[in-house]
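Each remark here refers to the structure printed beneath this line.
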Amino acid sequence: MTMATVRSALVVAALLAGCAAPDPRIVEIPVAAEVPEPPVIERPRLPLEDLTPDAKPDEVMRSYRATVEVLMQYARDLETALDAYRKP
């Protein structure tokens with residue numbers, strides 16, 4: 001073998017060894033974090049629950065409107081409570 005052949009063989013071996021290297025891995029390690037106690041948010045009483053079967057249409061509409069407002073506020077309260085648990 002000539003010196004050029006040996007050198008070429010070493011270059012090919014080095015290139016093949018570089019291709020055989022393992023891929024880098026990402027390892028996630030769980031870390032203990034302080035989690036706040038969940039707040040107690042009671043379900044609201046809905047105005048529709050107080051309607052009687054003989055309620056007038058305008059009473060029904062007022063109850064529906066009030067119920068929507070109560071539920072929207074309840075949803076905002078729940079979102080605010082969840083904010084404490086979301087990642088920054």
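Worth a mention:
- Criterion: modelled with pLDDT under 95 and among the hydrophobic types (A, V, I, L, M, F, W, C) - qualifying residue of Leu51, Leu71, Leu46: Leu51
- Failed criterion for Pro39 (all others in (1) exposed (fewer than 10 other Cβ atoms within 10 Å of the Cβ); (2) at pLDDT below 90 hold): (1)
- Every residue from segment 37-65 that is among the basic types (Lys, Arg) and part of a helix (DSSP H, G or I): Arg62, Arg65
- Taken over segment 47-58, the residue count meeting the criterion of being surrounded by 11 or more Cβ atoms within 10 Å (Cβ to Cβ) and either closer than 27 Å to Val35 by Cα or more than 35 Å from the chain's Cα centre (by Cα) (or both) is 3.
- For segment 59-88, the tally of residues that are aromatic (Phe, Trp, Tyr) and within 15 Å of the chain's Cα centre (by Cα) stands at 1.
- Residue ID - nearest to Arg43 (Cα to Cα), chosen from residues in segment 66-88 that are outside any helix (DSSP H, G or I) and not small (Gly, Ala, Ser): Tyr85
- Output for segment 43-88, where each listed residue is of a type in the set (A, V, I, L, M, F, W, C) and in contact (Cβ under 8 Å) with a residue 24 or more places away in the chain: Leu46, Val70, Leu71, Leu78, Ala81, Ala84
The values are calculated or read from the model by the stated rules, or taken from the named source; none is laboratory data. All values derive from a computational prediction rather than experimental measurement. Neighbour counts run over all protein chains shown; Cβ positions are idealised from the backbone, glycine included.
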